[in-house]
Amino acid sequence: MSDGDTTIYLLGSIHLLPPNIRWRTKLIDRAIAESGTLVLESSPEETADFRALAQGSGLKPAETRVSPGKRALLDAMIRRSNMPRAELDGYKDWALATTLAVGDANAAGADTRNGVEEKLWIAFSSSGKTKLAFYRAKDQLLQLDALSGTEQRQMLENAISGKENYGETLRAWAEGDIAALDKVSECTPLDGKLVGQPNNHWANWIAARMKRPGTVLVAVGLGHMAGPYALPKMLSARGLKVERIE
């Protein structure tokens, strides 16, 4: 997006990547070089006590909290997570869903150290540029923890549905295949909370930032760039011209 004296680049990122992925194209390098400010969902330097929020009391075993037809898939995902089943049985549904998704990425050799956000943060830090975050890391976990029991159960069911897995997401991201991501994105109340609400907040921030000169690079998770609540769509609805350049 550009209006002459202000340019804002949007980059759909993947939080965890294998070490052999080379994602810095010439256009991305140009955006990094031109931008005086980096904005991420949260700062890679922040830490949050995930386990303290993740653990619940009086929870039933994980396998009894999902549909019978998905228990075999759940077992496979638990094995790939390399975490003790007993510990996962003590996780709330949202935390179990998140952990299993990360475990799937870890099984593919991916981690946050190689993720887009970590690398961007280092690049901007080394050049002394401004770095901002939309949320604190703990705030993001608290938002998940505040979901109702029904919403958390739906999040868990979605995590093991098989409709979206790390390998397919990585492929779509590497190929810039937004259409593939649009196909698996849904317009549900849960997606409205997990994707729509933060995107609405970020779109308001970006629209306000367009009123001040400068160049900014905003990198958010790929899931926020596709589907009915896609950030580019929300920005277009606010009257901004969003042009895809790669």
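Laboratory data are not the source of any read-out in this text; all were calculated from the coordinates shown. These numbers come from a predicted model, not from an experiment. We place every Cβ from the backbone using ideal geometry, glycine too, and count neighbours over all the protein chains shown.
Numbers at a glance
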read-out: Nearby lysines by direct alpha-carbon distance to K119 (threshold 20 angstrom, same-chain neighbours under 8 apart not counted); value: K26, K129, K131
read-out: Helix 166-175 axis, angle to the chain major axis (alpha carbon atoms, nearest 10°); value: 20 degrees
read-out: Partner lysines for K70 [C-alpha distance under 28 Å; skip if fewer than 8 residues away on the same chain]; value: K60, K92, K163, K183, K193
read-out: Hydrodynamic radius by Kirkwood, which averages 1/r over all alpha carbon pairs of the range 31-81, in angstrom; value: 15.3 Å
read-out: Tensor-based shape of the range 1-55 (alpha-carbon gyration tensor, a/c under 1.5 rounded, otherwise prolate or oblate); value: oblate
read-out: Among [x] 0.99; [y] 0.97; [z] 0.93, the entry derived from the coordinates for Rg/Rh (Cα atoms, Kirkwood Rh); value: [y]
read-out: Under-5 Å amide H pairs with D111, H placed in peptide plane, nonlocal only; value: L17
read-out: C-alpha long axis of helix 149-159 to longest principal axis of the chain, angle in °; value: 80 degrees
read-out: Cα gyration tensor, the range 78-157 - rounded (a/c under 1.5), prolate or oblate; value: oblate
read-out: Modelled FRET efficiency - R0 35 Å, S2 with Q197, Cβ distances, 0.05 increments; value: 0.85
read-out: Two-site label geometry, K129 and E46: point separation in nm, points 7 Å out along Cα→Cβ; value: 2.1 nm
read-out: The range 1-105: C-alpha gyration tensor shape, a/c 1.5 cut-off, then a/b vs b/c; value: prolate
read-out: Sequence-distant lysines (8 or more away, or on other chains) whose Cα lies within less than 20 Å of K241; value: K211, K233
read-out: Where labels lie 7 Å past Cα in the beta-carbon direction, separation of D139 and R212 in nm; value: 1.6 nm
read-out: Between helix 116-126 and the chain: long-axis angle, C-alpha atoms, 0 to 90°, nearest 10; value: 40 degrees
read-out: Between the range 210-246 and the range 20-54, the Cα center-to-center distance that results, in Å; value: 16 Å
read-out: Calculated FRET value between W23 and E243, using beta carbons and R₀ = 25 Å, to 0.05; value: 0.80
read-out: Amide H partners (placed H, <5 Å) of L132, local residues excluded; value: L38, V39, L40
